[in-house]
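Report on one structure; see the data block that follows.
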Amino acid sequence: MIAAVIPAYNEEDSIGTVLDNLAHLYTLDFIIPVLNGCTDHTRDVVLAHPLSSQLALIEYPLPLGIDVPRSWGADCALKLGADAVLFVDGDLQGDFSACLQDLICETVSRDCDLALTNCYPYIGFRSEAAKAVVYYREQLNRKLKLFSSIGLATPSHGPHCVSRRLLMAIGTDCLSVPPLMLARAAEARLAIRVAARLSNQQWSSAQRGDEHNQKIADTIIGDCIEALQYLNHQPVTREDKGVQYLGYRTPK
């Protein structure tokens, strides 16, 4: 059985498109929208969609943060008996159904445990914040000896799919910090591959302003630092060169 997890926080304008993309997949047994802190009509859009009969809806009254909903959704998928779990953010727009099908096929048919999307199929313009994010992604993937095979791909960015074997081996809690999940999957010698490529011309996420973009960058950088500190058996500080990267995370 295959489940799709959709973290969503006030995504009434985009979650219908996400569900439309899921409707084009050859096989999908459960759809698990994780609505956290929604104050708009996201719930109404989800329940009105033709796929509503496949829903295992999770609702939480407060915002859980940008990645915690993945952990909750994965736990629900395990309890439903899913053999593979697809993660798709609720703010994606465009046509990306072929990418999702590739991720599922890699996981189910080719015995992959973490199927990633390469969201950088070519080098284009990058802001200073994006350059910093890419730098830390590269440091982590090189530390894991995965850079030659997956490049800059990461579960922090783009749709991805995991096997039941991965969730049972490393648990669902670490999915709330995607680079840490990547590190623990590599430690467990699970199969990690790039299964799809998706440029920004094929999809985009909702634009929320420069402040949000910087916070997202700081979150991903801090997550990568946290994963590197974990691998080096160091206390988690999310700090590098005197700068602490919290983003949307809270201090531990």
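Quick note: the coordinates plus some simple rules give every number you see, no bench work behind them. Computed from a predicted structure; not experimentally measured. Cβ sites come from the backbone with ideal geometry, for glycine too, and all protein chains shown count toward neighbours.
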Original post:
Taking springs between alpha-carbon atoms closer than 10 angstrom, which of CYS99, CYS224, CYS38 fluctuates most in the Gaussian network model of the chain?
Top reply: CYS38
**OP:** With no solvent and one equal point scatterer per Cα, compute the Debye intensity ratio I(q)/I(0) for region 37-156 at 0.16, 0.21 Å⁻¹ and report its log10, rounded to two decimals.
**Re:** -1.06, -1.45
**OP:** At 0.36 nm per residue, minus the direct Cα-Cα distance, what do LEU246 and LEU80 gain on full extension? Give it in nm, one decimal, please.
**Re:** 56.4 nm
Original post:
Sorting GLU211, GLU11 on the 10 Å Cβ count, fewest up front, what's the list?
Top reply: GLU211, GLU11
Original post:
Hey, quick one: spin label on ASP13, modelled 7 Å out along Cα-Cβ, who in region 37-62 has an amide N within reach, i.e. under 19 Å?
Top reply: 37-46
Subject >> Projected-area mean, the chain, by convex hull of Cα positions, square nanometres >> reply: 12.7
Subject >> Size of electric dipole in the chain: Cβ of Lys, Arg +1 and of Asp, Glu -1, about Cα centre, debye, nearest 20 >> reply: 1000
**OP:** For region 71-148, run through the trypsin sites (Lys or Arg not before Pro) and keep only the ones in DSSP coil with at most 15 other Cβ atoms within 10 Å of their Cβ.
**Re:** ARG110, ARG126, LYS145
Original post:
What nm value, rounded to one decimal, do you get for the distance between GLU138 and ASN213 when each label is placed 7 Å out toward the C-beta?
Top reply: 2.1
**OP:** Please sort by residue number the chymotrypsin sites (Phe, Trp or Tyr not before Pro) in region 116-187 whose DSSP state is loop and whose Cβ has at most 10 other Cβ atoms within 10 Å.
**Re:** TYR122, PHE125
Original post:
Within the chain, what is the number of lysine pairs with alpha carbons under 20 Å apart, leaving out pairs fewer than eight places apart on the same chain?
Top reply: 7
